[in-house]
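The values are calculated or read from the model by the stated rules, or taken from the named source; none is laboratory data. The model shown is predicted, which means the values in this text are computed figures rather than measured ones. Cβ: placed from backbone, ideal geometry, glycine included. Neighbour counts: every protein chain shown. Please note that ligands, DNA and RNA were not included when accessible areas were found on the heavy atoms of the full protein model with its side chains. Shrake-Rupley method; radii C 1.70, N 1.55, O 1.52, S 1.80 Å.
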Amino acid sequence: MTVLAAPDAQPKASLYINGVAVEGQGAELAVHYPYTGEVIASLREASTAQVAEATAAAAAAQPAWAALRPIERGRVLIRAAQIIRERAEELALLETMDTGKPIQETRVADWPSGADALEYFGGLAATVTGQMIPLGGDFVYTIREALGVCAGIGAWNYPSQIACWKAAPALVMGNAMVFKPSEETPLGVLKLAEILTEAGLPAGIFNVVQGRGAVGAALVTDPLVAKVSLTGSVATGQKVYAAAAEGMRHVTMELGGKSPLVIFDDASLEDAVGAAILANFYSSGQICSNGTRVFVQEGILPAFLERLSQRLESVKIGDPLDEDTQHGPIVSPVQAGKIRAAIAKGEAEGARLVCGGQGEGAFVPPTVFADAGDEMFIVREEIFGPVMSVLSFADEAEVVARANASPYGLAAGVFTRDLARGHRMAAALQAGTTWINAYNLTPVEAPFGGVKLSGFGRENSAAAIEHYSQLKSVYVATGGVDAPY
Ligand code: NAD
């Protein structure tokens, strides 16, 4: 067991505007290390005037950035990805301090996935072209243009990854961005801003403001903002979407879910159990796409629960800076309280606690409920913590109907060895992403986003380009103008 030394987490200043670290003029924002609760950094929110300063800097810098050859913009992002990889350990440590997630995870998932996005979109930059539409003499061509200033607003579970996933497609398309991370995890994105500057990004193209919801709301309604990309809860998404609508701003909404994971009796039990673990307990369960409704076909239910309980016995819970730790603390006491209240509700509603439970202090252990019913709170509502509900089902038609009977539609998973059934299920499940014999893999090459209340728009893949640009049609006449009078 190696416990790593905690790094100094205090940033130079709270905000990053026009290529410079500047102190916020708003309320204090203390950053707590989720494991110990101690204050590891003291920041200040942006004032309303500083939000306006950031969008003005972005608007002023954006036209020159958009006028560059796309390959030049791409080169900056690829260089930033290289710097992230060179500083991987330092960045993973800071992400662990900011989020409380085990170093085992932050080393492989958070910044590495952010670097993938910068590299992917950096490479894609020069391949984005328009269309030529022949009209028999005359013709139309299309130009994919930048939108202008984009606002990014992040959640606390993957703070640096979220910032990279939004910044990379926005920036390669010639936009500028003002990003507000979650008030719970404000540190990583300041590193991203510095790294982008070091990689050659012009001042003003990526700015950071800090603050709670009110600062986000000021950003969304800023007159210079053309697009808002939010990762957060459905309740916040509804507010932000409505506020954005007033100015007819473009939106991307990456919101919450209550995703189904369906395990048929012909599946590999070991793989299905492993996937159910990853689908519920990675990042202490604080993942939007988690498969928290685990539907297991009747015949294998006892074997599934037995093997799941066995495997969970060996989980190492504890200090996130201990390299052996697999399950860390919850991000904040408030969030831990919400999770505990949900667990208590599950017990009160009559679900059977198979393992886990309330836990202590910052920790909620991997918790499994069996005999859960579709109408229970723990099965209907997103808990955003390590709480799995196991439900049983008889056949395919029944499980499709029950899996789809949710207002959410972020993701879904199916485990079966029957190839045709796997594809039938993928087609029938209402979700932005469906995994067959896997769960929670989100490579940058694949579109990611939700349907129904889980959101709108797609991140990652070439599809994200469409959400950070607009199409202009140019009609070119090659003959005379035939006016009727
Ligand atoms: P949250 O909705 O409380 O906050 C998200 C962000 O919105 C924060 O930065 C917050 O300050 C800001 N905000 C709050 N009110 C605002 C307002 N009125 N206007 C503008 N901004 C405002 O979410 P959270 O608790 O930080 O994160 C957890 C949620 O995020 C879960 O529901 C989870 O499913 C979701 N999530 C979704 C994805 C995805 O990709 N679909 C990824 C991660 C998390």
Worksheet item: Taking interchain pairs and intrachain pairs at least six residues apart, which have beta carbon atoms under 8 angstrom, with the first residue in the range 440-452 and within 11 Å of the ligand (Cβ to nearest atom) and the second aromatic (Phe, Trp, Tyr)?
Response: THR442/PHE448; GLY449/PHE456; GLY450/TYR408; GLY450/PHE456
Discussion item. Given the condition in a strand (DSSP E or B) and within 16 Å of the ligand (Cβ to nearest atom), answer yes or no: does some residue in the range 459-474 qualify?
Written reply: yes
Discussion item. I'd like to know if the range 10-22 contains one or more residues that are within 27 Å of CYS150 (Cβ to Cβ), touching a Lys or Arg at 6+ places or on another chain (Cβ under 7 Å), open to solvent by 30 Å² or more (accessible area, probe 1.4 Å) and outside any helix (DSSP H, G or I).
Written reply: yes
Item to complete: Inspect the range 323-338 for any residue being surrounded by fewer than 18 Cβ atoms within 10 Å (Cβ to Cβ) and over 30 Å from LEU94 (Cβ atoms) and give the result as yes or no.
Response: no
Discussion item. Can you tell me how many residues within the range 221-232 are near the ligand (Cβ under 7 Å from one of its atoms) and part of a strand (DSSP E or B)?
Written reply: 2
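Condition check: of a type in the set (Asp, Glu) and surrounded by fewer than 19 Cβ atoms within 10 Å (Cβ to Cβ). Does GLU382 satisfy that? Break it down stepwise before answering.
Working: of a type in the set (Asp, Glu): yes; surrounded by fewer than 19 Cβ atoms within 10 Å (Cβ to Cβ): no.
So GLU382 does not fit the description; no.
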Worksheet item: Do we have any residue at all in the range 205-213 that's within 30 Å of SER332 (Cβ to Cβ) and surrounded by fewer than 19 Cβ atoms within 10 Å (Cβ to Cβ)?
Response: yes
Worksheet item: So which of ILE195, ILE162 is closer than 16 Å to GLU254 by Cβ and either open to solvent by less than 10 Å² (accessible area, probe 1.4 Å) or among the hydrophobic types (A, V, I, L, M, F, W, C) (or both)?
Response: ILE162
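Going by what's in this entry, would ALA431 be described as within 30 Å of PRO63 (Cβ to Cβ) and surrounded by 15 or more Cβ atoms within 10 Å (Cβ to Cβ)?
No, not satisfied.
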Worksheet, complete the sentence: When GLU90 is run through (1) loosely packed, with under 14 Cβ neighbours inside 10 Å; (2) assigned to a loop (DSSP other than H, G, I, E, B); (3) at negative phi; (4) not basic (Lys, Arg), the failure sits at (2)
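Using the structure shown, decide if ALA155 is within 21 Å of THR442 (Cα to Cα), within 11 Å of the ligand (Cβ to nearest atom), of a type outside the set (Asp, Glu) and open to solvent by 10 Å² or more (accessible area, probe 1.4 Å).
yes
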Worksheet item: Which one of the conditions (1) over 30 Å from GLY361 (Cα atoms); (2) open to solvent by 10 Å² or more (accessible area, probe 1.4 Å) does ALA235 fail to meet, given that it meets all the rest?
Response: (1)
Worksheet, complete the sentence: Picking from ARG79, ARG69, ARG73, the residue that is closer than 29 Å to LEU147 by Cβ and open to solvent by less than 40 Å² (accessible area, probe 1.4 Å) would be ARG73
Fill in: Enumeration of residues in the range 238-267 that are open to solvent by 30 Å² or more (accessible area, probe 1.4 Å), in contact (Cβ under 8 Å) with a residue 40 or more places away in the chain and within 30 Å of ALA394 (Cβ to Cβ)
ASP266
Fill in: the range 165-189, subset among the hydrophobic types (A, V, I, L, M, F, W, C) and either open to solvent by 10 Å² or more (accessible area, probe 1.4 Å) or not assigned by the TED database to the domain that holds ALA125 (or both), residue farthest from the ligand (Cβ to nearest atom)
MET173
Discussion item. Looking at the structure I just gave you, is LEU29 in a loop (DSSP other than H, G, I, E, B) and either under 30 Å from ALA125 (Cα atoms) or assigned by the TED database to the domain that holds VAL215 (or both)?
Written reply: no
Worksheet item: Among the residues of the range 181-201, which ones are assigned to a loop (DSSP other than H, G, I, E, B) and under 19 Å from LEU43 (Cβ atoms)?
Response: PRO181, SER182, GLU183, GLU184, THR185, PRO186, LEU187
Discussion item. Just checking, does the range 194-205 include any residue being under 21 Å from TYR468 (Cα atoms) and within 9 Å of the ligand (Cβ to nearest atom)?
Written reply: no
Item to complete: Check whether at least one residue in the range 212-220 is in the same structural domain as ALA167 (by the TED database), farther than 21 Å from GLN161 by Cα, outside any helix (DSSP H, G or I) and out of contact with any strand residue (DSSP E or B) (no Cβ under 9 Å at 6 or more places or on another chain), and report yes or no.
Response: no
Worksheet item: For the subset of the range 37-66 comprising residues that are more than 26 Å from ALA217 (Cβ to Cβ) and either in contact (Cβ under 8 Å) with a residue 40 or more places away in the chain or assigned by the TED database to the domain that holds ASP319 (or both), which member is most open to solvent (accessible area, probe 1.4 Å)?
Response: ALA64
Response to the item:
Exception for ALA235 within (1) in contact with a strand residue (DSSP E or B) (Cβ under 8 Å, 6 or more places away or on another chain); (2) within 7 Å of the ligand (Cβ to nearest atom); (3) of a type outside the set (Asp, Glu) falls at (1)
Worksheet item: What pairs come up if the first residue lies in the range 458-479 and is on the phi > 0 side of the Ramachandran plot, the second is away from the ligand (no atom under 16 Å from the Cβ) and open to solvent by 40 Å² or more (accessible area, probe 1.4 Å), and their beta carbons are under 8 Å apart, counting only those six or more places apart or on different chains?
Response: ASN460/TYR120; ASN460/GLU445; SER461/GLU445
